[in-house]
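J.: Here you go, one structure.
The values are calculated or read from the model by the stated rules, or taken from the named source; none is laboratory data. Small disclaimer: the values here were computed from a predicted structure and weren't measured. Heads up, the Cβs are rebuilt from the backbone with ideal geometry, glycines too, and the neighbour counts pull from every protein chain shown.
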2 protein chains.
Amino acid sequence: LLSATIATLSERALVQRLRARMSTSAPHVTLGIGDDAAVIEPERGAADVITTDTLVEHVHFRRDWTSAFDIGHKALAVNLSDLAAMGATPRASLLSLALPSDFALEDFDALIDGFATLAEQSGAVVIGGNLTRSPGPLVVDGTAIGHVRRRRVLRRDTARPGDELYVTGAPGSAAVGLAVLQSGRARGAFEHALADCVMRYERPEARWRAASIVARSGASLAAMDLSDGLADAAAQMAEASGIGVVIDAALVPISTGVTLWASLSGRSGTDIALAGGEDYELVFAVRPRQRRRFLAAMRRSQDLVVTRVGRFVPEPGAWLENGGVRTPLPSGFSHFA
Amino acid sequence: LLSATIATLSERALVQRLRARMSTSAPHVTLGIGDDAAVIEPERGAADVITTDTLVEHVHFRRDWTSAFDIGHKALAVNLSDLAAMGATPRASLLSLALPSDFALEDFDALIDGFATLAEQSGAVVIGGNLTRSPGPLVVDGTAIGHVRRRRVLRRDTARPGDELYVTGAPGSAAVGLAVLQSGRARGAFEHALADCVMRYERPEARWRAASIVARSGASLAAMDLSDGLADAAAQMAEASGIGVVIDAALVPISTGVTLWASLSGRSGTDIALAGGEDYELVFAVRPRQRRRFLAAMRRSQDLVVTRVGRFVPEPGAWLENGGVRTPLPSGFSHFA
């Protein structure tokens, strides 16, 4: 039996199918899906935070590696991670899909479910979007909207010399997950720690809960997300703030999966943890006298480990300190194509 | 000499190039391009209006027919049209591009300029977006944000029996423009009226100025944009409002270009004006006692013709009335692929 494709339905029928699979109402949503545009009520006394990110098949995911549910999840998670990096609380989202005509209806449903499940968990009510055909790859474009009190915005250019640098989770795990998938090993044969890395690649958790608690506490005023790796995020934050940063190699947290993959591939676990991207964890700059307040706020975010990995310094630049020796952090430059 | 492609630059260099070509600051923009997400100040006493729309190469445009500037213009115009249909005033926009690696840098610049020029004219300051590679078609995803006073939102489900139906501009012109391009005629050989239709297809004007004036006047409370044609918009507005609509064939405005193309192609000008899509004009439902106020508000929108073409009726359905005979309006149903 051939499974039905999206080509058997009209655009309106697909939109109806999508609406039937998710809750699209909330007190602040005046008009959701169904009119020319969505209308939402701003949060009193707060600023609006908006971000958008695109996942393109063959560039950001492969359909034979990642389930449609996980693609939908990730399309929202990467945006919630950007909201988190501003300290914003999610309140709305939009989903735009460019769909190849051979896309199966059951995959359409699963992708919607992945996006909608995370939307419900995070409060990012789906208020709109767009469906269109694609003559090429599947393109999934997510947009997320949040709110934050003006004085609590976590910018990236507000780190100061003397601030400590903290990172959530275990950076490098997602990069190991991708490498495991690329290695072509059978899924059933993954060691538990590697399976965990694959999970972190395929279904990243965005740290919006922790970030919104930290922002509200006022314990940090500078944060960034880790989409291009820990070294890159630390260096960008330092550059934007007009200062420098030193990461202490001995403090970088290395997950069991990263350690295992490092030994299997003959690389250094610290290098993987510094350079690996797509973790969607966060870095925070924290003044030493705010340390206790920051750690108390993080403890309220269930199950989320945070580690001090370095400090900001007056002289511009980004270094790794290892046994008293400083070397420049690897640069993130790469050509676009 | 081969022209440079986007593949010669890094993503950051492309973002810098983009930022250098546009103004991205405004009093209500707290943080624009450059951080993890944008932060904007909501308009006091107003609701936020948000919409997004995607243009996919080979589906919505062809690069050999439409200039990169016009593609950029259209990517914002279609979203401004959706804002207009809600009565919203534009205040911010986001631009996401999935770029084939052979995309020329000069086309990149021109596309950005097309988007940025309209952003500046309309007040939809570019606050963010995304750049990524595409292994297939060029995909241009625009998002627009506006504001409108809560009681002035132009919904589509608030038409009432007895309301008059108005349309802006000359519907069908864009469809004729597309047909002219598809006919393969040489550009230099277009009659003036057909060249005007091509212009309306390639560089549609969104009616945000008129819509925001009408919304503020309170003279209409129901509007929709015409992306899928006049007949479709009228029928959808009636259906959403739980009533019916009758379009008077004798009142439908027919542009010189539509008349000319109708005679060249052996079709009826009225049919083209009713069924042709992509005009991005607006329909309004207006209570008869608000007519003078509505027309006065429209007159304040320079150069924009508005025509009464029908009326809403209690019994559900959508009809064309021609010489006293009613026939059902053509349905807009079509398969997705």
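J.: A:Asp48 versus (1) part of a strand (DSSP E or B); (2) more than 8 Å from every other protein chain (Cβ to nearest Cβ); (3) acidic (Asp, Glu): which is the lone unmet condition?
T.: Only one criterion is unmet by A:Asp48, namely (2).
Conditions tested, residue by residue: (1) in contact with a strand residue (DSSP E or B) (Cβ under 9 Å, 6 or more places away or on another chain); (2) within 15 Å of A:Asp109 (Cα to Cα).
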{"site": "A:Thr8", "(1), (2)": "yes, yes"}
{"site": "A:Glu11", "(1), (2)": "yes, yes"}
{"site": "A:Ala20", "(1), (2)": "no, yes"}
{"site": "A:Val29", "(1), (2)": "yes, no"}
{"site": "A:Asp36", "(1), (2)": "yes, no"}
{"site": "A:Glu41", "(1), (2)": "yes, no"}
{"site": "A:Val49", "(1), (2)": "yes, no"}
{"site": "A:Val56", "(1), (2)": "yes, no"}
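J.: Then there's this: Output the residues belonging to segment A:30-47 that are farther than 15 Å from B:Val148 by Cβ and either under 22 Å from the mean Cα position of the chain (by Cα) or in contact (Cβ under 8 Å) with a residue 60 or more places away in the chain (or both). Don't jump to the end; show me each part of the working.
T.: We begin by selecting, within segment A:30-47, every residue farther than 15 Å from B:Val148 by Cβ; these are A:32-34, A:43-47.
Scanning segment A:30-47 gives A:Gly32, A:Ile33, A:Glu43, A:Gly45, A:Ala46, A:Ala47.
J.: Then there's this: Yes or no: segment B:204-213 includes at least one residue that is in a helix (DSSP H, G or I), out of contact with any Ser or Thr (no Cβ under 8 Å at 6 or more places or on another chain), away from chain A (no Cβ under 12 Å) and in contact (Cβ under 8 Å) with a residue 24 or more places away in the chain. Please lay out each step first, then the result.
T.: Within segment B:204-213, the subset in a helix (DSSP H, G or I) is B:208-213.
Next, only the ones that are out of contact with any Ser or Thr (no Cβ under 8 Å at 6 or more places or on another chain) stay: B:211.
When the remaining residues are screened for being away from chain A (no Cβ under 12 Å), the result is none.
The answer is no; no qualifying residue exists.
J.: Moving on to the next point. Considering segment B:106-133 alone, what residues qualify as being surrounded by fewer than 24 Cβ atoms within 10 Å (Cβ to Cβ), among the hydrophobic types (A, V, I, L, M, F, W, C) and farther than 26 Å from A:Asp48 by Cβ?
T.: Listed by number, the residues that qualify are B:Phe108, B:Ala110.
J.: Oh, and also: Do we have B:Ala238 as over 17 Å from the mean Cα position of the chain (by Cα), surrounded by 21 or more Cβ atoms within 10 Å (Cβ to Cβ) and at pLDDT 95 or above here?
T.: Values: over 17 Å from the mean Cα position of the chain (by Cα): yes; surrounded by 21 or more Cβ atoms within 10 Å (Cβ to Cβ): yes; at pLDDT 95 or above: yes.
The answer is yes for B:Ala238.
J.: Now, a different point. Among residues belonging to segment B:282-296 that are over 24 Å from the mean Cα position of the chain (by Cα) and not charged (D, E, K, R), point out the one that is surrounded by the most Cβ atoms within 10 Å (Cβ to Cβ).
T.: Narrowing segment B:282-296 to residues over 24 Å from the mean Cα position of the chain (by Cα): B:287-293.
With the extra rule that they be not charged (D, E, K, R), the set shrinks to B:288, B:290.
Details: B:Pro288: 10, B:Gln290: 20.
For segment B:282-296, the residue satisfying everything is B:Gln290.
J.: Also, I was wondering about something else. Can you spot a residue in segment B:61-77 that is farther than 19 Å from B:Ser227 by Cβ and within 12 Å of chain A (Cβ to nearest Cβ)?
T.: No: segment B:61-77 contains no residue that is farther than 19 Å from B:Ser227 by Cβ and within 12 Å of chain A (Cβ to nearest Cβ).
J.: Let me ask something else. Under 21 Å from the mean Cα position of the chain (by Cα) and more than 27 Å from B:Ala215 (Cα to Cα): is that true of B:Asp303 in this structure?
T.: On the way: under 21 Å from the mean Cα position of the chain (by Cα): yes; more than 27 Å from B:Ala215 (Cα to Cα): no.
When the stated conditions are applied, B:Asp303 does not pass them.
J.: Before we move on, is B:Val167 in contact with a strand residue (DSSP E or B) (Cβ under 7 Å, 6 or more places away or on another chain), buried (at least 24 other Cβ atoms within 10 Å of the Cβ), farther than 21 Å from B:Phe284 by Cα and not small (Gly, Ala, Ser)? First the steps, then the outcome.
T.: On the way: in contact with a strand residue (DSSP E or B) (Cβ under 7 Å, 6 or more places away or on another chain): yes; buried (at least 24 other Cβ atoms within 10 Å of the Cβ): yes; farther than 21 Å from B:Phe284 by Cα: no; not small (Gly, Ala, Ser): yes.
When the stated conditions are applied, B:Val167 does not pass them.
J.: Further question: Quick check on B:Leu83: is it more than 12 Å from chain A (Cβ to nearest Cβ), buried (at least 24 other Cβ atoms within 10 Å of the Cβ), modelled with pLDDT of 95 or more and over 19 Å from A:Asp53 (Cβ atoms)? Explain how you work it out, then say what you get.
T.: Details: more than 12 Å from chain A (Cβ to nearest Cβ): no; buried (at least 24 other Cβ atoms within 10 Å of the Cβ): yes; modelled with pLDDT of 95 or more: yes; over 19 Å from A:Asp53 (Cβ atoms): yes.
Considered against the rule, which asks whether it is more than 12 Å from chain A (Cβ to nearest Cβ), buried (at least 24 other Cβ atoms within 10 Å of the Cβ), modelled with pLDDT of 95 or more and over 19 Å from A:Asp53 (Cβ atoms), B:Leu83 comes out as no.
J.: Let me ask another. Going through segment A:299-314 one residue at a time, which ones are at pLDDT below 95 and either touching a helix residue (DSSP H, G or I) at 6+ places or on another chain (Cβ under 6 Å) or hydrophobic (A, V, I, L, M, F, W, C) (or both)?
T.: Initial filter on segment A:299-314 (at pLDDT below 95): A:299-305.
Scanning segment A:299-314 gives A:Arg300, A:Ser301, A:Leu304, A:Val305.
J.: Answer yes if at least one residue in segment B:112-119 is more than 10 Å from chain A (Cβ to nearest Cβ), more than 15 Å from the chain's Cα centre (by Cα) and of a type in the set (D, E, K, R), and no otherwise.
T.: Taking every residue of segment B:112-119 in turn, at least one turns out to be more than 10 Å from chain A (Cβ to nearest Cβ), more than 15 Å from the chain's Cα centre (by Cα) and of a type in the set (D, E, K, R).
J.: Could you grab me the full set of residues in segment A:31-45 that are of a type outside the set (A, V, I, L, M, F, W, C) and at the interface with chain B (Cβ under 9 Å from one of its Cβ atoms)?
T.: If we filter segment A:31-45 for residues that are of a type outside the set (A, V, I, L, M, F, W, C), which is where we start, we get A:32, A:34-36, A:41-45.
Scanning segment A:31-45 gives A:Gly34, A:Asp35, A:Asp36, A:Glu41, A:Pro42, A:Glu43.
J.: Also: When segment B:47-72 is examined, which residues are found to be crowded, with 20+ Cβ neighbours inside 10 Å and either over 15 Å from B:Val139 (Cα atoms) or touching a Pro at 6+ places or on another chain (Cβ under 8 Å) (or both)?
T.: Within segment B:47-72, B:Ala47, B:Asp48, B:Val49, B:Ile50, B:Thr51, B:Val56, B:Glu57 qualify.
J.: Give the residue that is farthest from the other protein chains (Cβ to nearest Cβ), with candidates limited to residues of segment A:158-195 that are in contact with a Phe, Trp or Tyr (Cβ under 6 Å, 6 or more places away or on another chain) and in a helix (DSSP H, G or I).
T.: Within segment A:158-195, the first condition is being in contact with a Phe, Trp or Tyr (Cβ under 6 Å, 6 or more places away or on another chain), and the residues that meet it are A:159, A:161, A:163, A:166, A:174, A:176-178, A:181.
Still in the list and also in a helix (DSSP H, G or I): A:174, A:176-178, A:181.
Numbers: A:Ala174: 17, A:Val176: 23, A:Gly177: 20, A:Leu178: 17, A:Leu181: 18 Å.
Of everything passing the filter in segment A:158-195, A:Val176 is farthest from the other protein chains (Cβ to nearest Cβ).
J.: Can you work out which of the residues in segment A:242-274 that are over 25 Å from A:Gly324 (Cβ atoms) and small (Gly, Ala, Ser) is surrounded by the most Cβ atoms within 10 Å (Cβ to Cβ)? Show your work before the answer.
T.: Applying the first criterion (over 25 Å from A:Gly324 (Cβ atoms)) to segment A:242-274 yields A:242, A:255-257, A:260-261, A:263-266.
Next cut, small (Gly, Ala, Ser) only: A:242, A:255, A:257, A:263, A:265-266.
Details: A:Gly242: 12, A:Ser255: 22, A:Gly257: 28, A:Ser263: 10, A:Ser265: 12, A:Gly266: 6.
Taking the candidates together, the pick is A:Gly257.
J.: Restricting attention to segment B:149-157, does a residue exist that is away from chain A (no Cβ under 14 Å) and not in a strand (DSSP E or B)?
T.: Step one: filter segment B:149-157 for residues away from chain A (no Cβ under 14 Å), giving none.
No, the conditions are met nowhere in segment B:149-157.
J.: For segment B:249-267, check the following and say yes or no: at least one residue is modelled with pLDDT under 95, under 20 Å from B:Leu80 (Cα atoms) and touching a Phe, Trp or Tyr at 6+ places or on another chain (Cβ under 9 Å).
T.: Checked against the condition, which is being modelled with pLDDT under 95, under 20 Å from B:Leu80 (Cα atoms) and touching a Phe, Trp or Tyr at 6+ places or on another chain (Cβ under 9 Å), segment B:249-267 yields no hits at all.
J.: From B:Ala285, B:Ala318, B:Ala235, grab the single residue that is within 14 Å of chain A (Cβ to nearest Cβ), more than 19 Å from B:Leu178 (Cα to Cα) and touching a Gly at 6+ places or on another chain (Cβ under 8 Å). Step through it out loud before you land on a result.
T.: Working: B:Ala285 fails: touching a Gly at 6+ places or on another chain (Cβ under 8 Å); B:Ala318 fails: within 14 Å of chain A (Cβ to nearest Cβ).
That would be B:Ala235, the only listed residue that is within 14 Å of chain A (Cβ to nearest Cβ), more than 19 Å from B:Leu178 (Cα to Cα) and touching a Gly at 6+ places or on another chain (Cβ under 8 Å).
J.: Being within 10 Å of chain B (Cβ to nearest Cβ), of a type in the set (Val, Ile, Thr) and farther than 18 Å from A:Ile50 by Cβ is the requirement here; does A:Thr143 meet it?
T.: Values: within 10 Å of chain B (Cβ to nearest Cβ): yes; of a type in the set (Val, Ile, Thr): yes; farther than 18 Å from A:Ile50 by Cβ: no.
Against the criterion (within 10 Å of chain B (Cβ to nearest Cβ), of a type in the set (Val, Ile, Thr) and farther than 18 Å from A:Ile50 by Cβ), A:Thr143 does not qualify.
J.: Just one of (1) outside any loop (DSSP other than H, G, I, E, B); (2) crowded, with 24+ Cβ neighbours inside 10 Å; (3) touching a helix residue (DSSP H, G or I) at 6+ places or on another chain (Cβ under 8 Å) trips up B:Arg91, so point out which.
T.: Going through (1) outside any loop (DSSP other than H, G, I, E, B); (2) crowded, with 24+ Cβ neighbours inside 10 Å; (3) touching a helix residue (DSSP H, G or I) at 6+ places or on another chain (Cβ under 8 Å) one by one, B:Arg91 breaks only (3).
J.: Considering each residue of segment B:120-139, count those that are more than 13 Å from chain A (Cβ to nearest Cβ) and either at pLDDT below 95 or on the phi < 0 side of the Ramachandran plot (or both), and give that number. Can you show your working first?
T.: Going through segment B:120-139, the residues more than 13 Å from chain A (Cβ to nearest Cβ) turn out to be B:120-123.
After this cut, where a residue has to be either at pLDDT below 95 or on the phi < 0 side of the Ramachandran plot (or both) as well, the list is B:120-122.
Summing the residues that are more than 13 Å from chain A (Cβ to nearest Cβ) and either at pLDDT below 95 or on the phi < 0 side of the Ramachandran plot (or both) in segment B:120-139 gives 3.
J.: Let me spell it out: the conditions are (1) part of a helix (DSSP H, G or I); (2) within 30 Å of A:Ala119 (Cα to Cα), and A:Ser227 meets all of them except one. Which number is the exception?
T.: Among (1) part of a helix (DSSP H, G or I); (2) within 30 Å of A:Ala119 (Cα to Cα), A:Ser227 violates only (1).
J.: Any chance you could count how many residues in segment A:1-20 are surrounded by 13 or more Cβ atoms within 10 Å (Cβ to Cβ), in contact (Cβ under 8 Å) with a residue 40 or more places away in the chain and more than 8 Å from every other protein chain (Cβ to nearest Cβ)?
T.: Qualifying residue count for the region: 3.
J.: Going residue by residue through segment A:99-107, is there one that turns out to be within 30 Å of A:Gly184 (Cα to Cα), within 14 Å of chain B (Cβ to nearest Cβ) and aromatic (Phe, Trp, Tyr)?
T.: Yes, segment A:99-107 has at least one match.
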